[in-house]
Amino acid sequence: MAHVMENERIWADRDDVTEAVDTLPALDEQHSPKTNVEDCEASVGLYYASRGLAEALRSVANSQLWNLPVMGFSLPISSLFSSESSSLESFDMNCEENDVKRADATEVNAQQEETYVAKFQSEYINSSVPLYQKYWMKAVKKDLHRAQHTGLSELVESVLHGLKTPPPLSPTPVLSPPGLHVKPYALWQELPQVECLLKSLSAQEIQLQEAMFELIVSEASYQKSLVVALNVYQCSAELKQILSRVQHHVLFSNLKDVCRVSERILQELETHLRQDVVMSRVGDIVLNHQQDFQQVYVPYITNMMYQEAIITQLLQDNRKFALILKKLEKDPQCQRQTLKSFLILPFQRITRMKLLLENILKRAKGVYLNVSNLMEAIEAVRKIVEECDRMVEQMKRTELLVCLDKLVDFGNVKSIPLITRGRHLIQEGTLKQLIVGGDKVSRKDVYIHLFNDLLLLSVKSGHRFVVQTHALFPDNVRVEEIKTFLRLPAESFLLHLPKNHNRFSSTIILAARTRSEKETWIKVLSSK
């Protein structure tokens, strides 16, 4: 998928964009221990209108730009947040901000988790290095600008570059990585140990080193943001006071493990730089951490839909959470960035890393220096992003099945377990069942749920689906055009069930609203 998804929303640097927009799936309704039937029904109906995070990940895995679509639906979280902690129940929902300030300082300090301190201190993390949110936003803008000016301009540039190469004594200036116009050492060529080498390197070689150096400095920026997220938010005693253990874990997931992995790869990259200022092993280093990336990024990104769910729920249900969050976001370390912008950092980083490695590969072409295992590293990161995509999609499918399971009523029909490993919904909707009796044709609504391995035909009763029959799909499902009954509408077709829930054969006449809808149903019901 090489296109840029429409209706994209990206986290913005507040200095450049006036209004930040949520990028994660939005869950606007609350889910108490009782099943919210209307929410489940709405989500089922809109599931295929918008694919959410999984589709965004697919776009990321294959495109040059990182984009997230507008989320057009709410996916209910079936049980994770159904039980609130006793501390949450004890709070008055109408409390004011001064209630938060009166929290007992001794109790807060007693519960305060030890501040996260990196075991490795980078040469590039300091007060002037920006948070990763700012780096990422400017990098995306740079990508957009580049995408808008591709084509003839690049062709002309490449031709001119082939005709004239700047002399070694006057290397072409290389721009600093986007968002990192800071000291010290925003550029590789500004390193003290590099100064004596510049005259012996071509412009292409310098550009290659700058591309590899950006991997290091951007990782330093990322590490800085992760540490802020841990120390300001995850270690906050005030948040721990009002969140249950489950809520706190879901909110921050394995963010500390993500930070440790970032710290280790940053340390190895900087060690390589100190040992050989003309770098060549960044591909090897990324491959060395392939397993670490998989172990921390896949579960974190899979959990992101639940992070948004719990934030939305707490903001609506708990006044104190909103006040505490507002207070924490004002911390100078956050630089006016929201909690959500910190929670999405791992997603931004693992997808950006692939682009950074691809830029290194692009710069390495035509340069004598061999950057070993670079293509293997790119492929390893791509597979991790794809696995994240697969796990998010699987999680969404499971949530949908859980929701449907609470809406489906088998009544007098032999019941079967709806929640089964590997099962997912293909299509669903209402059709007319036509019943021919003499000269009359009566109609009644029938609702179809077509899964990859099962077909359910139901009648809606209120907000529930009362199953009339079901059959295994595709083995016991056949469709056929109607040619004999001329008085039947052109939108009708035959549905054959060679073996239904009673192990009997049955045939049903169905009619769609339009011929286009009929063709769609015939196609999906005929798929193998």
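Couple of notes before you dig in:
- Among 434-441, 506-513, 375-382, sorting by the average number of other beta carbon atoms lying within 10 angstrom of each residue, highest first, gives 375-382, 506-513, 434-441.
- Remark: the stretch 256-268, residue by residue, has Karplus-estimated 3J(HN,Hα) of 5, 5, 4, 5, 5, 5, 4, 4, 5, 5, 5, 4, 5 Hz, where x stands for each Gly or Pro and the curve is 6.51 cos²θ - 1.76 cosθ + 1.60 at θ = phi - 60°.
- Most positive-pole-ward Cα, 235, 225, 293, against dipole of the stretch 211-362 from beta carbon charges: 235
- Net charge dipole size for the stretch 184-325 [Lys, Arg +1 and Asp, Glu -1 on Cβ; Debye, nearest 20]: 680 debye
- Rounded, prolate or oblate (a/c below 1.5 giving rounded, otherwise prolate when a/b exceeds b/c) for the stretch 316-440 by Cα gyration tensor: oblate
- Square roots of 5 times each gyration tensor eigenvalue, C-alpha, the stretch 409-528, largest first, Å: 23, 16, 14
- The lysines whose alpha-carbon is closer than 17 Å to the alpha-carbon of residue 327, local same-chain residues fewer than 8 away aside, are 101, 240, 340.
- Most to least packed among 397-404, 196-203 [average Cβ atoms within 10 Å]: 397-404, 196-203
- Low-density loop positions, GluC sites (Glu not before Pro), the stretch 462-504 - DSSP coil, at most 13 other Cβ in 10 Å: none
- D (Stokes-Einstein, µm²/s), Kirkwood Cα radius, the stretch 331-388, 0.692 mPa s at 37 °C: 244 µm²/s
- Each Lys and Arg adds +1 at its Cβ and each Asp and Glu adds -1 at its Cβ; summed about the Cα centre, the stretch 422-528 shows a dipole of about 180 debye.
- Lysines with Cα under 18 Å of residue 142, excluding same-chain neighbours fewer than 8 positions away: 134, 354, 362
- Taking a straight line from the alpha carbon of residue 199, not one of the lysines sits under 17 Å away once near neighbours fewer than eight places off in the same chain are left out.
- Across 440/499; 119/256; 483/523; 138/224; 141/224; 256/326, pairs whose alpha-carbon gap is larger than 24 Å: 440/499
Read-outs throughout are calculated quantities, based only on the coordinates presented, and are distinct from any laboratory measurement. Here the structure is a predicted model, which means the values were calculated and not measured. For neighbour counting, all protein chains shown are included, and Cβ atoms are generated from backbone atoms with ideal geometry for every residue, glycine included.
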